[in-house]
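Each reported figure results from applying straightforward, stated rules to the coordinates on display, with no laboratory input. Computed from a predicted model, the values in this text were never measured in an experiment. For neighbour counting, all protein chains shown are included, and Cβ atoms are generated from backbone atoms with ideal geometry for every residue, glycine included.
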Amino acid sequence: MLPDADDLPELLLDLAVPHEDINVLVARRSRITGDPGVLRLLRECVEELFHDPAEPGRAPDLAGLLDAAPAELSQVFPAYVFIAAVPRTLARHRERGIPPEVSRRTLADLGRHMALHRSRHGTTGVSVRGWLVRHFRGELFQLGRLQFERARLGERTAPVLAAAGLTAAPGTPCLSLHIPDHHGPLTPSACDRSLAWARDFFALHFPEERPVAALCHSWLLDRQLRCYLPAGSNIVRFQDRFRTVREDTEPADTEPVRFVFGDPGLPVAELPRHTSVERAVGDHLRAGGHWYIGHGWFPFPG
C-alpha cells in the first residue's frame, strides 16, 4: 500500500511534506510494513476513509482507528494513512476529469498541516488529522486562494436560505468555503478568482450536484473585527460577501489564537501586537471580550 523506500521521498515532495520530515517518514516506513498488525490497521483506515464516498458530508471519523496505532507511531501514523490513500484519491479525481494540478495542490494540504505540527511541537506529525479526510475522499478542493468542500444544507441553515428566496431544503447541495492559512493575503481579487474558478469547476466536474449557496463558518466572519480593522481591509471586505445565517452565543476564543499565532494555548497576556489582526485578536481578549464563529452564506453561483 505504501510506495517503496526509494519512491516515497518523491511522493512526499508532491504532498509538500516539509523536508525535515521526509527522512523520518522514510526511515519509519519499515515499522509500518514490517508489522502485520500495523499494516492491517493501515488497510482498515484507508478502507474506512473511502467508505460511502459518493455522498458528500458523510466523512468518516477515523479517530478510533488512528488511536489504535502503537504509541510510538501515534503522531506519524495518520501521514502514512493519507500517503497510502493517494492512488485511490487520484483515481477518483481522474474519473471526474479533475486536472492533475488541482489534485496536487489539494493534497499538498497534508504537508501544510505537517509544517504546522512541526512549528508548534518541533516533531514530525499531522495537525488536525480528521480534517484531511475531506481532501483525500474527494470532497474538498483547493482552487486558488480558497478551498471548497462539497456539502449539504443542514436543518438550521436551509430555512434561512429558503426565506431569502432560494430553493433550499435540508440535504440540498451547497459548498462550504474554507480559508487556509499560510497561503498569502485574503485579497478581494484572489477571492474573486477562486470563486470564478469554483463556478466553472463544480459545474464541469460535479454537474449533478448544482450547489445553491456557498457557506462559511469561521472566526473571520465575527463582526466584532470591524471595530478593530479599517473598512478597506481584506478581512472586512471578505465579510462583506456574506449574509448572516445565525450568530453563536458560545465563545470560540482559541480559534483566532490558533490561526493567527499558531498555538491555541498561548497566554493571552503575551500575544504579539505586530500586525493589525494580531492587535485586534489580542487586545479584544485582554479587554475581557470574546471571539465567536461567524456563519455566513451567499448564493452560488453569485
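Estimated from the Cβ-Cβ distance and a Förster radius of 41 angstrom, the FRET efficiency linking D192 and D35 is about 0.25. The ratio of the alpha-carbon radius of gyration of the chain to the globular-protein estimate 2.2 N^0.38 Å is 1.05.
Label sites at D14 and A287, each approximated as a point 7 angstrom past Cα along Cα to Cβ, lie 5.0 nm apart.
The Kirkwood radius of the range 140-302, taken over pairs of alpha-carbon atoms, gives through the Stokes-Einstein law at 25 °C and 0.890 mPa s a diffusion coefficient of 147 µm² s⁻¹. Over the C-alpha atoms of the range 122-230, the Rg to Rh ratio, Rh being the Kirkwood estimate, stands at 1.00. Could you give log10 I(q)/I(0) at q = 0.11, 0.15, 0.20 Å⁻¹ for the range 1-138, computed by the Debye formula over C-alpha point scatterers of equal weight, without solvent? Values, matching the q order: -0.36, -0.69, -1.29. Just so you know, the Cα atoms of the range 1-79 work out to an Rg and Dmax of 13.5, 37 Å. Once all Cα-Cα distances of the range 218-302 are split into 10 Å bins that start at 0, what whole-number percent is in each one? Reading upward from the zero bin: 17, 50, 27, 5, 0. Distance distribution P(r), the range 67-141, all Cα-Cα pairs, bin width 10 angstrom from 0: 19, 49, 25, 7 percent.
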